[in-house]
Amino acid sequence: RFIAHVLIDGKEEKVHVKNTGRCRELLIPHARVILAESPNPNRKTRYSLIAVYKNQVLVNIDSQVPNTVIWDALKDNKIAGFNDTKLLKREVTFGQSRFDLYFETASGQKGFVEVKGVTLEEEGMAMFPDAPTQRGTKHIREMIQAVEMGYQGYIIFLVQMKGVKSFTPNRRMDENFSTALREAEKAGVKILVFDANVTPHDITLGERIEYHLD
């Protein structure tokens, strides 16, 4: 699941794939990819596959990157609604879940942020997930509970590429996740979707894009 065979200067090498999804439309024969070399000489795989070109568009597939991108954007006040944030923490537990970010505002409001990285795109429509995710659905249910208890709740989808027009949950892949996301919005959870600026060397927050839940 997490291994790809990549030709580097004509020599085949096993590399680690830093993504927990399927990426079936991305990791296809002859796809051009970006690798990161590990500083650990004792690791079984020397490289990690972190991005892939799809129709000349570079798509980041490193599952760990979206959290860092959103963290940096919040720190730099690049996301509207978080301008008076005075405290920001990573990986904070609530109930049976551990949300990606916790924040407090100068006015005393407390809240949680859950970040989802999106790599699936079809004809300009970005979709999540690309594989069933019981964990993702569980996080949404917990976020609804947090909002009902008075916390602010955000679910931020980072589409790890440029060129998408809108976002929708992938109901064909995971009906439960899609239903939970719609219920979360009705319960007051705020949903934000951004695309990303992706280069072979870095990835940063892009523009906000529209979404459709039905």
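The values are calculated or read from the model by the stated rules, or taken from the named source; none is laboratory data. Predicted, not measured: the structure shown is a model, and the values here were computed from it. Here the Cβ is made from the backbone with ideal geometry for all residues, glycine too, and neighbour counts use every protein chain on show. Protein only, heavy atoms only, side chains kept; ligands, DNA and RNA dropped before computing areas. Shrake-Rupley method; radii C 1.70, N 1.55, O 1.52, S 1.80 Å.
What do you get for GluC sites (Glu not before Pro) in the stretch 112-168 restricted to DSSP loop and a cutoff of at most 10 other Cβ within 10 Å of the site's Cβ?
123
Mind checking which of 83, 55, 42 has the largest fluctuation in a GNM of the chain, springs on alpha carbons under 10 Å?
Among 83, 55, 42, the largest mean-square fluctuation in the Gaussian network model of the chain belongs to 42.
Can you put 149, 127 in order of accessible area, largest first, using a 1.4 Å probe?
149, 127
Using only the heavy atoms of the protein chains and a 1.4 Å probe, how would 14, 110 rank by accessible area, largest first?
Descending order: 14, 110.
How big is the C-alpha Rg of the stretch 134-176 next to the rule-of-thumb value 2.2 N^0.38 Å, as a ratio?
1.42
Classify the stretch 64-179: rounded, prolate or oblate, from the alpha-carbon gyration tensor (a ≥ b ≥ c, eigenvalue square roots; a/c under 1.5 rounded; otherwise prolate if a/b is larger than b/c)?
Cα axes put the stretch 64-179 in the oblate bin.
Below 20 Å, Cα to Cα, which lysines can residue 89 reach? Residues fewer than 8 away in the same chain don't count.
75, 78, 110, 116, 190
Kindly identify the stretch 1-114 as rounded, prolate or oblate by the Cα gyration tensor criterion: order the square roots of the eigenvalues as a ≥ b ≥ c, call it rounded if a/c is under 1.5, otherwise compare a/b with b/c, prolate if a/b is larger, else oblate.
Prolate, since a/c reaches 1.5 and a/b exceeds b/c.
Would you mind telling me the share, in percent, of accessible area of the stretch 115-173 contributed by carbon and sulfur at probe 1.4 angstrom?
48
How much of residue 59 can a 1.4 Å solvent probe reach, expressed as accessible area in Å² and rounded to 10?
Answer for residue 59: close to 0 Å² accessible.
Take the chain, drop everything but the C-alpha atoms, weight them equally and run the Debye formula without solvent; then report log10 I(q)/I(0) at 0.13, 0.16, 0.18, 0.19 Å⁻¹ to two decimals.
Once normalised to I(0) and log-transformed, intensities are -0.76, -1.10, -1.32, -1.42.
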